[in-house]
1. Quick check: pseudo-label points 7 Å beyond the Cα along Cα→Cβ at residue 233 and residue 216, how many nm apart are they?
2. Using alpha-carbon pairs under 8 Å, 6+ residues apart, how would you state the relative contact order of the chain in percent?
3. Run the simple label-point estimate for residue 176 and residue 139 please: 7 Å along Cα→C-beta, distance reported in nm.
4. Find out how many positive minus negative residues lie around residue 265, taking Lys and Arg as positive, Asp and Glu as negative, among other residues whose Cβ is under 15 Å from that of residue 265.
5. Under 17 Å between alpha carbons, and skipping anything fewer than 8 positions from residue 357 in its own chain: which lysines qualify?
6. Suppose each label sits 7 Å from its Cα in the direction of the beta carbon; what would the residue 340-residue 157 distance come out to in nanometres?
7. Would you calculate, for the chain, the mean residue ellipticity at 222 nm contributed by helices, counting each DSSP H stretch of 4 or more residues as -39,500 (n - 2.57) and dividing by all residues, to the nearest 500?
8. What net charge is computed for the residues neighbouring residue 175, neighbours being all others with C-beta under 15 Å from the C-beta of residue 175, Lys and Arg scored +1, Asp and Glu -1?
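Just so it is clear, none of the values below were taken in a lab; they were calculated from the coordinates. Because the structure is predicted, anything quoted here is derived from the model rather than measured. Glycine also receives a Cβ, built like all others from the backbone with ideal geometry; neighbour counts cover every protein chain displayed.
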Amino acid sequence: MIAPVVPLPRSRFDIELATPADDQELRALLRRNPIPGSISVTFEREPDFFASCRIRGDFFQVGIGRDRKTGRITGLGTRSIAPAFVNGEPMPLGYLADLRLEPEYRGGTLITRGYRFLKALHEDGRTRLYTTMIFAGNSVALKTIASGRAGLPTYHDMGALYSPGINIRRTKPAVAAACDILRGSYELLPEIVDCLNRNNARRQFAPMHTISMFRKQWRGFGVENFYVAVRDSRVVGVLGCWNQSSFKQTRVVGYALPLRWLVPFANALRPLTGAPRFPRPGEELAYFYISFIAVDNDDLRTFRALLRTAYNDAICTRYLYAILALHERDPLLPVLREYSLTPFSGRLFCVTFDGGKNLFWKLDGRVPYLEAATF
């Protein structure tokens, strides 16, 4: 007797690539799903989700889960690929970001199915490795996707990534560093790009740049936003100040205890302390990114002079914070102690499927670097 074949029920969800027709719903999903922590925030992408993804590279994909019954998008994640330095050599490097899942769909199989979909995308062979950053307060993500669960790619912990907000308070004394600090220009751009690439090659996962990227790819960033250290007619260090509020926003949703009780008192004392005011729930943060950090020989004096000049120029503007990212082993990190900081951090992971594990185990000891502006 032949046993009858019982067809398996079709899944309630479709996992597929989003299209521009999904843009409005994707932006709404980001607004509804804050990143937890002592300060809960939403990372928003108004007015165009897809346009905001382009700062991570020319190639990106947006994966979504869709409820068949309602047609509603239940979750999303992005995959982007751009040239970066791995062991000092330029190669395509992937970046995984924007993982969100509506609360009522958590705890099921959607995460596993989503990663199965990602693995199928990965088979295009565009990259062997990915990086991703999980914020320290996101305990759910740290306990699930980064825990080595069956069916998920391997998340290799690469250490802490500090991404504090430098509180824009009062003017600080200028720093002498035996160099001139200039603003960027198209005349200096070739030397700026050379400085970025020779120093990024000393870092693990740092982006590789071309002149054309600074002419068209970095939305909202112009060459005049660079601060350039010049010594003996040579560019020896750079950093950029990047305001992305026209296409990316961070909004405060709420404060966990004890901050919830402390914030009103801290704000009341602000006129005396000069500290930036804690935003009210629902308020957008006023900040810019310190990006494109590169300093020859990791010279602390040069970095101090660049950062101090950028900081002082932000005094009496609308900005409350300047946000940057440095790895826990970065030799430039001690300079941040000279500033009042609003702490924020996460864990950096290198993500591999089977085909990338050999390359991962060959990674040398270079200090990782990721651009905070592309989180």
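1. 3.3 nm
2. Relative CO of the chain lands at 24 percent.
3. Placing both labels 7 Å along Cα→Cβ, they lie 5.1 nm apart.
4. Charge balance in the 15 Å sphere: +4.
5. 119
6. 3.3 nm
7. Result for the chain: -6500 deg cm²/dmol, rounded to the nearest 500.
8. It works out to a net charge of +2.
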